[in-house]
1. Provide the per-residue ³J(HN,Hα) series for region 530-540, in order, calculated from phi with Karplus coefficients 6.51, -1.76, 1.60 and θ = phi - 60°, each as a whole number of Hz, with x at glycine and proline positions.
2. Between D468 and D274, how many nm apart are label points set 7 Å from Cα along the C-beta direction?
3. Using 18 Å as the cut-off for backbone N distance, which residues of region 88-104 belong to the label zone defined by a point 7 Å from the Cα of Y54 along Cα→Cβ?
4. Using the per-residue mean of other Cβ atoms lying within 10 Å as a proxy for protection, in what order, highest first, do the peptides 460-472, 95-107, 482-494 fall?
5. Students often check this: by mean Cβ neighbours within 10 Å, which of 181-187, 393-399, 11-17 ranks highest, and how do the rest follow?
6. Just to confirm my numbers, what's the Cα centroid distance between region 187-216 and region 105-146 in Å?
7. Give me the extension gain from W289 to A127: residue separation times 0.36 nm, minus the current Cα-Cα distance, reported in nm with one decimal.
8. Whole-Hz Karplus ³J(HN,Hα) for region 329-346, in order, using 6.51 cos²θ - 1.76 cosθ + 1.60 and θ = phi - 60°, x for Gly and Pro?
Amino acid sequence: MFYSGYRYVVGYVGVETAASELGDPSARRQFGDPLAVYVSDFSSITPTLTEEGYVVAERGRAVGWTPAESAHFVIGSDARIPSGPIVLPFSERADAERFAAAHGGRVVDWETLQSRVGDPLESRLAAFESSIDEHRDWANRTVRQAAERRDRPVSVVVGSAADAAAADAPDAETASSVAAAVARAPPNTTVYVPAGTHDVDQVVLNRSVTLRGAGVGGAGEAEGGDGASAGEAAGDDGGAAGATTLRGDGNGSVIVVKADGAAVADLRVSGVGDVGSRGRDSRNESVDWDTTVQLAYGYGDAGIVLDGAAGASVTNVAIDTPASGVIVRGSPDSTLASLSVRGADTPREGFMGVVLIGAPSVVEDSTFVGGRDGVYTHRADGSVIRDNRARPGRYGVHEMYTSDSLVANNTVRDGQAGVIVMTRPTENLVVGNHVRDSTYGIVPAGGASYYARNVVVGNEYGIGVAGDRNAFVGNVVVDNRIGARASEILPSNWVVRNDFVGNGRAVEASIGPLRTWSHRGVGNYWGAVPIADADADGVYDRPYRPSGAVDSRIGRVAGATTLAQSPAVATLRRVQAAVSGLRQSGVVDDAARTRPFHPAVVAAARNDSEPTAPAAGPATPVPEPTHGTSGGEAA
């Protein structure tokens, strides 16, 4: 195919996806007219199905290729791949009929197949929304189970009989220290530590017990008031009125949890060691970089460490730390909730609020101030990070090598980035987050992921569009210096139903192909632009190019509007629409909206209030425009 002056071979996963996309007018604008379309040819082998319905080729033989227009397609058969049913193409009709007789389905041609397929974007969005629900259900179950373990009967109280009576546990044993109490407590019971500051060496939970205090005292949040550190708010000894504080000696981690189902709740932690990363001296130089990072980041000092503790939890805990707040190593189904972590004053001095390594966890309703990153994940596939607040030294949520996660409804201010995803993961869900006054709002990576309903306001760069097969839907991007950065090499992402308002520059597009940010008559809102909507259908009468030399300057540079409406530019648009090889790189929206998709959210963002994220689910689709979609490239 030709587009943007380059010849490419464009591949689709699934024949039905290719049939649908090639029938969409916006795909032709994206890639130009196809020179040829080839599909897999199962006539070149004798396909069989496993018990699960998966297609198996003959041993030692490869599937060939055949032109789509002359191929014969078996639809509705028992054949499938892990993601669902598939269509099988054959170059010979007899082979297709033989397969249908053996495995069900019927045989159709290319034209019939194109007429039968649905919209791949809508089905993909439905799958994303279903995945969000599944992640939330898992997180809710995990949190409920943690809450049940938190309310175990008190078996040992640190202090005197009077302390036990005050804790409403008059029959409990008493111990003179936290370590002694933990050593005596039977499994599935609670060690209660009354209010006050308790100096400890490292406390290790080797049995499934709950270590619970009288509360965090004071405001409880990491902010400790207007910019004061948790330690300052609590007093010089790290304590707070009415709080239980476990104070380490400033070396190493303070609490280490090694038992499945153990819990820490309702207390403060101070006196953490200052080693964020163990550094090169503790790394095995023979291992790969990925393992090196796990060893370095996962074995620094922290207020609390969960080490191989499945189903463990940390709830309502305030931590003042020069290193990390909580490190979770290989502890699946763990819960970190209602944390308040105050890190170091600069990211160079501090480390992470929470580190998740090697297993899924829930991090929710927590506050992270200072240090380096609020939440850092490393191969923590399936984790849910939701409803947190961060003013980090660097990143609010930082995902490395982590797939199939949900990052939802987090609020980040004054960081280097709000949510940043790295190292080509897949199937992540980044939804409903609010990032303000940072360098970068949302920074994506990887593929087959969902970036939806995020609100990014007043940042240097609002939202990135990168990776492959990602969907960027329903985001509100307001008053950033650069609204969106388009940096993908192959234009396989969907960008629709977003509101880009009041940004200094709507889109910054690096070198690469032409990117069409619309789909089947549904585009984005770019603010009020001087383009006609003669039929009043809510879609401008010509495509809008937010990265174009002319359109990008409308409203900012004198004369841009006049030039955009000139006969010369209009002629160039028509020529470029007809000859795909003449198109420039950048971004074009074939169905730019005249009104915002989420007006209330946009208004709240511009009024400097905390906007509610756009409602779940796709916005009402814009009707297919009645006017033509040719033109628009030059602007």
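The values are calculated or read from the model by the stated rules, or taken from the named source; none is laboratory data. Since the model is a prediction, treat every value here as computed from it, not as a measurement. Here the Cβ positions follow ideal geometry from the backbone for every residue, glycine too, while neighbour counts run over all protein chains shown. Each accessible area value is taken on the protein alone, full model and side chains, heavy atoms only, with ligands, DNA and RNA left out. Shrake-Rupley method; radii C 1.70, N 1.55, O 1.52, S 1.80 Å.
1. x, 10, 6, 10, 4, 8, 6, 8, x, 10, 4
2. Between D468 and D274, the simple spin-label model gives 4.7 nm.
3. 88
4. Going from most to least packed, we get 460-472, 482-494, 95-107.
5. Values: 181-187: 18.3, 393-399: 26.6, 11-17: 15.9.
Highest to lowest by the protection proxy: 393-399, 181-187, 11-17.
6. Centre-to-centre distance over Cα atoms comes out at 45 Å.
7. 54.9 nm
8. With the stated coefficients, region 329-346 comes to 10, x, 10, x, 6, 8, 10, 10, 9, 6, 8, 10, 10, 10, x, 5, 5, 10 Hz.
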